[in-house]
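The values are calculated or read from the model by the stated rules, or taken from the named source; none is laboratory data. Note that this is a predicted model, so its numbers are computed, not measured. Here the Cβ positions follow ideal geometry from the backbone for every residue, glycine too, while neighbour counts run over all protein chains shown.
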Amino acid sequence: MNTKERLIATTADLISRKGFRGMGINEVLSLVEVPKGSLYHHFPKGKESLVCEAVKYGGMSQMYRYAKALKGKGAEEGLLAIIDVMIDDLERTNFEEACPIAIVALEASESTEDIRKACDEMFKGWQVGLAQWLEKRNISNSLEKSEQFYAVLEGGFILSKAHRDVKYLEQQKKLVAMILNS
């Protein structure tokens, strides 16, 4: 990994563990072991552009994990597998880590239009990707159903993280068939 990639990956990791407001540039630079000038060399707008890239990196990493969970499954089984990925993430990290997109969207998307756009872009990418996957399984209105699924999933995720209890994500499993059959 080159310096730019390490800065992005480290930022995404810190955001997922500490949130946008809890992650500091000095900590990123210390962990990557580079001077402040390296940040501005790779990201002329500083923290803002670094966070935008970290959102994209974190979103693509999560999308890859979802795609892996969907592989070889039917529509309902696949959506349940995505929920299980979120449950596993929370349990594996003792509720300490979170999706960097959700965290940034909640904490920082009002800060700048670029950060809001990065969050929007990643969420839309997830929705479109899932819609295409659902279409291949002959699910009608696949984009609308994908949007509904992610709205339900993100809500269950936030409640599960806040309450430190995966029951809210488990409850979302009951809605999968309803979404697919609507």
Matching residues in the stretch 127-142 - criterion: being hydrophobic (A, V, I, L, M, F, W, C) and part of a helix (DSSP H, G or I): 128, 130, 131, 133, 134
Residues being part of a loop (DSSP other than H, G, I, E, B) and either touching a helix residue (DSSP H, G or I) at 6+ places or on another chain (Cβ under 7 Å) or buried (at least 17 other Cβ atoms within 10 Å of the Cβ) (or both) - total across the stretch 163-181: 1
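Mind checking whether some residue in the stretch 70-83 is under 14 Å from the mean Cα position of the chain (by Cα) and either of a type in the set (Asp, Glu) or within 21 Å of residue 120 (Cα to Cα) (or both)?
Checking the stretch 70-83: at least one residue is under 14 Å from the mean Cα position of the chain (by Cα) and either of a type in the set (Asp, Glu) or within 21 Å of residue 120 (Cα to Cα) (or both).
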Helices (runs of 4 or more DSSP H) enclosed by the stretch 1-115 - at least 2 residues per element that are at pLDDT 90 or above and more than 17 Å from residue 130 (Cα to Cα): 3-18, 25-32, 36-42, 47-70, 75-92
Residues that are basic (Lys, Arg) and touching a residue at least 24 places away in the same chain (Cβ under 8 Å), drawn from the stretch 1-31: 4, 6, 17, 21
Boolean, residue 145 is closer than 25 Å to residue 174 by Cβ, assigned to a helix (DSSP H, G or I), free of Cβ contacts under 8 Å to residues at least 60 places away in the same chain and more than 13 Å from the chain's Cα centre (by Cα): yes
Out of 117, 73, sole residue that is charged (D, E, K, R) and exposed (fewer than 15 other Cβ atoms within 10 Å of the Cβ): 117
Every pair of residues 6+ apart whose Cβ atoms lie under 6 Å, when the first sits in the stretch 98-117 and is under 17 Å from residue 160 (Cβ atoms) while the second is among the basic types (Lys, Arg) and outside any loop (DSSP other than H, G, I, E, B): 98/161
Residue count, the stretch 32-70 (criterion: without any contact (Cβ under 8 Å) to a residue 12 or more places away in the chain and polar (S, T, N, Q)): 0
